[in-house]
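The values are calculated or read from the model by the stated rules, or taken from the named source; none is laboratory data. Keep in mind that what you see is a predicted model, and the values were worked out from it rather than measured. Because the Cβ atoms are built from the backbone with ideal geometry, glycine has one as well, and the counts that use them run over all protein chains shown. Keep in mind that these areas ignore ligands, DNA and RNA; they rest on the heavy atoms of the full protein, side chains included. Shrake-Rupley method; radii C 1.70, N 1.55, O 1.52, S 1.80 Å.
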Amino acid sequence: MSNKVYRGKEIEVYFDSEKCIHSGVCVKGMPQVFDLNKRPWVNTEGASANEIAAHIDSCPSGALSYKRLSQES
Ligand code: SF4
């Protein structure tokens, strides 16, 4: 399994490196969240959960996916 999980307060982001076709859509379109030079490379607090979810929907390979978390902790 190559699935990684990045958990934020309102959204949990999943990345499957085997599916990624390296289109760069994620890092070019939302560098404040997806930055390969940072660890972890997904910053779940870099934008609103709505913005992150909408951007993940544009990932052409399906390597990125997400689950919305309820606001109650
Ligand atoms: S947008 Fe999707 S396919 Fe493209 S680099 Fe990011 S994770 Fe990989």
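Key figures for this structure:
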item: Residue-averaged [θ]222 nm for the chain, counting only DSSP H segments that reach four residues, each worth -39500 (n - 2.57); result: -4500 deg cm²/dmol
item: Accessible-area composition of the chain, carbon plus sulfur, in percent [1.4 Å probe]; result: 49 percent
item: R0 of 22 Å, Cβ-Cβ distance Asn3-Ser48: FRET efficiency to nearest 0.05; result: 0.40
item: Mean accessible surface per residue for the range 14-67, computed with a 1.4 Å probe while every protein chain stays in place, in Å²; result: 60 Å²
item: D_trans [Stokes-Einstein, Kirkwood Rh over alpha-carbon pairs] for the chain, 20 °C, 1.002 mPa s, µm² s⁻¹; result: 176 µm²/s
item: Mean Cα-pair separation over length for the chain, i.e. relative contact order, pairs under 8 Å, 6 or more apart, %; result: 40 percent
item: Segment Ser17-Ser70, extension gain: residue separation times 0.36 nm, minus the distance between their alpha carbons; result: 16.4 nm
item: His22 - accessible surface, heavy atoms, 1.4 Å probe, Å² rounded to 10; result: 150 Å²
item: Heavy atoms of Asp16 accessible to a 1.4 Å probe, total area in Å² rounded to 10; result: 30 Å²
item: Neighbour cut-off at most 15 other Cβ (10 Å), DSSP loop, trypsin sites (Lys or Arg not before Pro), the range 14-64; result: Lys19, Lys38
item: The chain: GluC sites (Glu not before Pro) in DSSP loop, at most 14 other beta carbons within 10 Å; result: Glu18, Glu45, Glu72
